Amino acid sequence: MFLIALLTVFVQANTDKPFNILGFTGVAGEILMNPLTGSSIFFWQFNSQNGNITTDTRPLVIWTQGGPGCSSELGMLAEGISPIYIDDSGTPQPSSSTWITRVHLLSIDFPYGAGFSYASQYTDAMNTSVTATNYLYSFLQTLGLKYPTWFQRDVYWFGEDYSGRFVPQIASTILQNNQIPGNIVIKLKGIALGDPWLDAQYQTQYYDMSAFYMSLVNPQQQSILLSAEQNILTQIQAGNFSTAYSLFQLMIGQFESFSDNVDIFDTRTYTMPTFSGLSSYLNSNSTKSMLGIPLGSTWQICNPTVKAAFGNDSMINSTSILIPNLLSQIKVMIYHGEDDMYCNTPGLSHFLKSLNWPYIQNFMGSRRGTWSVMNNIAGYAQTYSNLTYIQVLDAGNQVGVKQPYALRDLAFRFIFNQGWN
């Protein structure tokens, strides 16, 4: 096991309480998961505009970030999802692309070590998708007991990047445990995976192709990447996941060197956004006090310790086994930005082709049409039965950073069955 975070001050009881920011209301705070150690999970819930989460039936969207180890406040506040965004000076401003016009929102910092969630003992920290989502499910049950109306409505779970592994796992756990008498039933209706990391045996194998056709490498460099991919696959198939992950990291470094260090998550840029205003806002004592966060805690966008801890897990095939069963019960959408090299188009396409789902050939043969937002082509959509695949134009790994209105549009079309063409 590994120690993700150790605070000099940690919660000894739940700290969740109501808040009001610019007139937008909800509940936020820490839920104590282990009273003996103080390990806690942070959540932030926004009420739907003109709605009432205790009396209405509007859907609830749960949001988790990827990384693993990145804070869900990143997506909520930087991708236009929540009713506020944080400007460069660290000041909250109203967001014109917010989702609260039609849904309630709930973001969760997951796993331990992401954002304001932390484990204070080795025995609390987990480093596989399966074991981590076990305590995530316990958190949901605790939340459902305290706020019983939250999960008595249609629930949709959205996640980005490494949440492509976490979300199918927690969705499977929810659907299975809903059948157990005495459990809080969570009315999960669908999951949406943005630029997801799903299955390494497919997604590690197309960097050479993607980089070449994006004109980021020359033919000789493409051959070097191809050889690296083959070595990674050999190690994955042999069950040597630690070696596979190390080789994968080396290959990413090779790509960055070959491509003059373009941002692998958005190849139209050289550097990732710093979100300095967001960091300033969330680390201020006034914000922490308002959201029920211990003043001794420190927020960071992504925790590299968590990412490293889940290295082996990232190479293990599990999601492709879960998705077909999920498709028999709920809706599944996969969407991604075309400029994301890390979770690239060919890798996702080959993952989809590999699914052992009775209708995969029907899906692969279905029409892929244009999808428009505000009279402009936003991307391409393909859907059959419960499976939807969306490619978003002029977007990287975090679609909402560049295309917040397109992200909201695809979310609402998916949730409310509005169609794509």
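Odds and ends about this structure:
- Set Ser210, Ser257, Ser215: member being surrounded by 19 or more Cβ atoms within 10 Å (Cβ to Cβ) and polar (S, T, N, Q): Ser210
- Only a single criterion out of (1) touching an Asp or Glu at 6+ places or on another chain (Cβ under 7 Å); (2) under 30 Å from Leu295 (Cβ atoms); (3) in contact (Cβ under 8 Å) with a residue 40 or more places away in the chain is not satisfied by Thr269, namely (2).
- Helices (runs of 4 or more DSSP H) within the range 294-408 that include 1 or more residues closer than 27 Å to Asp109 by Cβ: 304-309, 319-327, 345-354, 399-402
- Restricting the range 272-291 to residues that are surrounded by fewer than 22 Cβ atoms within 10 Å (Cβ to Cβ) and in contact with an Asp or Glu (Cβ under 8 Å, 6 or more places away or on another chain), the residue that is nearest to Pro92 (Cα to Cα): Gly277
Bear in mind that the values in this text are calculations on the coordinates, not laboratory data. A quick note: this is a predicted structure, and the numbers were derived from the prediction, not measured. When we count neighbours, we look across all protein chains shown, and the Cβ atoms used for this are built from the backbone with ideal geometry, even at glycine.
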